[in-house]
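Novice: One structure coming up, written as structure tokens, with questions to follow.
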Amino acid sequence: MLQKKSVRNLPVLITSFLFGLLILALPSCNDAPTSLGFPLDTINLEGISSDQNKLVLDSKSYQNRLLNTRNSSYFFVGKGNGMEAISFLRFGTLEYDSLDYIQETDIISAKISFYPSRNVFGDSLASINQEINLYELQKRYSDSTTWDSIVNPIDGKNFYNSNELISTFSGKVELKDTMSSIVFDIKKSLIAKWMQSARDTANISTYAPYKNGLVVVGGNGSKIINRFIVPTSDIPKIQVVFNNTKTSKVDTISLKLQINSFYANSALSNDKSIVLQGVTSIRSQIFFDVSKIPQFASIIKAQLELTLDSSKSIISNFGLDSVLAAGEYTDLAESKPTVPYTAYRRANSNVYIFPSITSAIERWTRSDGKGSLILIPQKNAASSNELYFCDRLVFYGVDAVDVSKRPKLSIIYSKRPKL
């Protein structure tokens, strides 16, 4: 009987034993669970920052002369805040080459209207005076023409004669929802010259490549940079009203804009500030040294912070952008990076954060641990806007007096185990 009873109690004994083990194991449930549900090929995480190590070595700003401004949807003219912009405009007369009989005395009027956008860069965001002068283009230009070749021509011949004014405007440019056009009266003698040379083949090799061209320059009274629109629906044109001696009637012809291009210049900083400016296309290159990270380490996260120096930055009336563009380049003059990165401005601050330049750091650690990033001027995160906005952004550089405002690089990485 005793044997049968012990057999019947065996399940109870087993259950009690397991329950006891469970009770003993319960305290271990207070331990924090592991953050990873599966093993990695790394051992531990480590961090390194420019706060304790010299990871950001240096920076330099450089001028990337834009060569692709031909027939852009905007052109720029004026002077303001250390920047200057001029534009070249060429007009067609081929469709009017039979009007070479027009004389200066036949011309009643010749006018052209420019259409300013609301975006201005200069001393004021209110309605202010602008002075713009027009001169005749006197020299061939091409896609390779830059500000430097205009200011310091290799052949010694200037693109325009500042003593031969064709037209001028001086007045207020009202910033309104619908902008008013600026009207120029063009010298009648110039139009007559263009008409009479329309069928001139004798001078085609010397005059044709640049004839019918105007150079648009900010005058001495200019304090702002104006951006002018080239609408596809209403292309700027010179309206010429004249007495047609062959028909004894008053006729009107329109010399339409065929080619437009702009050129701009702004001074570079003589310190280590990180400067970006559109239209003049000032870019900056930042140099890094992450060789303290073991070669072939796994880069978990790399973040770069830049602080805007608002006292040196100059923003147009469109306001400060909330994004910033950078990238790795194989050619410093390229408009698009091989690998792009984007920074975002921290709310209510002047700090821009690139949340992840991880891929760049990992590439550098594969070699000697050194590399660089190029910052380019953009607006609304579009690289094409490097052509169309004059905003000058200045960031504190590696030699900023306030150490907390210097570029800051923070990296989290893990060493790979020895295989």
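The values are calculated or read from the model by the stated rules, or taken from the named source; none is laboratory data. Bear in mind the structure is a predicted one, so any value in this text is a computation, not a measurement. Glycine gets a Cβ as well: all are built from the backbone with ideal geometry, and neighbour counts include every protein chain shown. Just the protein is used for accessible areas: all its heavy atoms, side chains included, with ligands, DNA and RNA removed. Shrake-Rupley method; radii C 1.70, N 1.55, O 1.52, S 1.80 Å.
Novice: Given a Förster distance of 51 angstrom, what is the FRET efficiency for Ala347 paired with Lys246, based on the Cβ-Cβ distance and rounded to 0.05? Walk me through the intermediate numbers first.
Specialist: Numbers: r = 70 Å, r/R0 = 1.37.
It comes to 0.15.
Novice: Students often get this wrong, so check it: of Lys111/Lys193; Lys193/Lys237; Lys157/Lys379; Lys79/Lys157, which have C-alpha atoms separated by over 27 Å?
Specialist: Lys157/Lys379
Novice: Moving on to the next point. How large is ³J(HN,Hα), in whole Hz, for each residue of region 62-75 in order, when computed from phi with the Karplus curve 6.51 cos²θ - 1.76 cosθ + 1.60 and θ = phi - 60°, using x for Gly and Pro?
Specialist: With the stated coefficients, region 62-75 comes to 8, 8, 9, 4, 6, 10, 10, 8, 5, 6, 6, 7, 9, 9 Hz.
Novice: Of the listed peptides 150-162, 282-294, what is their order by residue-averaged count of other C-beta atoms within 10 Å, with the highest listed first?
Specialist: 282-294, 150-162
Novice: Spelling out what I want: for every residue of region 102-116, take phi, set θ = phi - 60°, compute 6.51 cos²θ - 1.76 cosθ + 1.60 (Karplus), and round to whole Hz; glycine and proline get x.
Specialist: 5, 9, 4, 5, 7, 7, 7, 7, 9, 9, 9, 10, 9, 10, x
Novice: Then there is this: Assuming 0.36 nm per residue, please report the length gained on full extension of the stretch Lys111 to Ser269 beyond their Cα-Cα distance.
Specialist: Difference between extended and current length: 52.8 nm.
Novice: Given H placed on each backbone N at 1.01 Å, which residues far from Ser109 in sequence or on other chains put an amide H within less than 5 Å of it?
Specialist: Val241
Novice: Kindly sort Asp331, Asp100, Asp321, Asp51 by accessible area of their heavy atoms, largest first, with the probe set to 1.4 Å.
Specialist: On the way: Asp331 70, Asp100 45, Asp321 25, Asp51 100 Å².
Accessible-area ranking of Asp331, Asp100, Asp321, Asp51, largest first: Asp51, Asp331, Asp100, Asp321.
Novice: Quick check: pseudo-label points 7 Å beyond the Cα along Cα→Cβ at Thr232 and Asn53, how many nm apart are they?
Specialist: 5.2
Novice: Which lysines does Lys272 reach when only Cα atoms under 18 Å apart count, and residues fewer than 8 places away in its own chain are ignored?
Specialist: Reachable lysines: Lys54, Lys60, Lys312, Lys405, Lys408.
Novice: Still on this structure: How much length, in nm to one decimal, is gained on full extension between Ser98 and Ser189, taken as 0.36 nm per residue of separation minus their Cα-Cα distance? Could you put the intermediate results ahead of the total?
Specialist: Working: separation 91, 0.36 × 91 = 32.76 nm, distance 1.79 nm.
Going from the current span to full extension adds 31.0 nm.
Novice: Would you please give the residues with an amide H less than 5 Å from that of Lys312, counting only those at least 5 places away or on a separate chain, with H modeled from the backbone geometry?
Specialist: Counting only residues 5 or more places away or on other chains, the set is empty.
Novice: Another question about this same structure. Alpha carbon centre of region 48-107 versus region 236-257: separation in Å?
Specialist: Taking the Cα centre of region 236-257 as reference, the centre of region 48-107 is 30 Å away.
Novice: Could you look at region 284-377 and say what percent of its accessible area is carbon and sulfur, using a 1.4 Å probe and all protein chains?
Specialist: Carbon-and-sulfur percentage of accessible area, whole number: 51.
Novice: Still on this structure, please answer the following. Got a sec to turn the phi values of region 187-198 into Karplus ³J(HN,Hα) couplings, 6.51 cos²θ - 1.76 cosθ + 1.60 with θ = phi - 60°, whole Hz, x for Gly and Pro?
Specialist: These are the phi-based 3J(HN,Hα) values: 4, 5, 5, 5, 4, 4, 4, 5, 5, 6, 9, 4 Hz.
Novice: Pop a pseudo-label 7 angstrom from the Cα along the beta-carbon direction at both Ser367 and Ser162 and give the gap in nm to one decimal.
Specialist: Computed distance between label sites Ser367 and Ser162 equals 4.6 nm.
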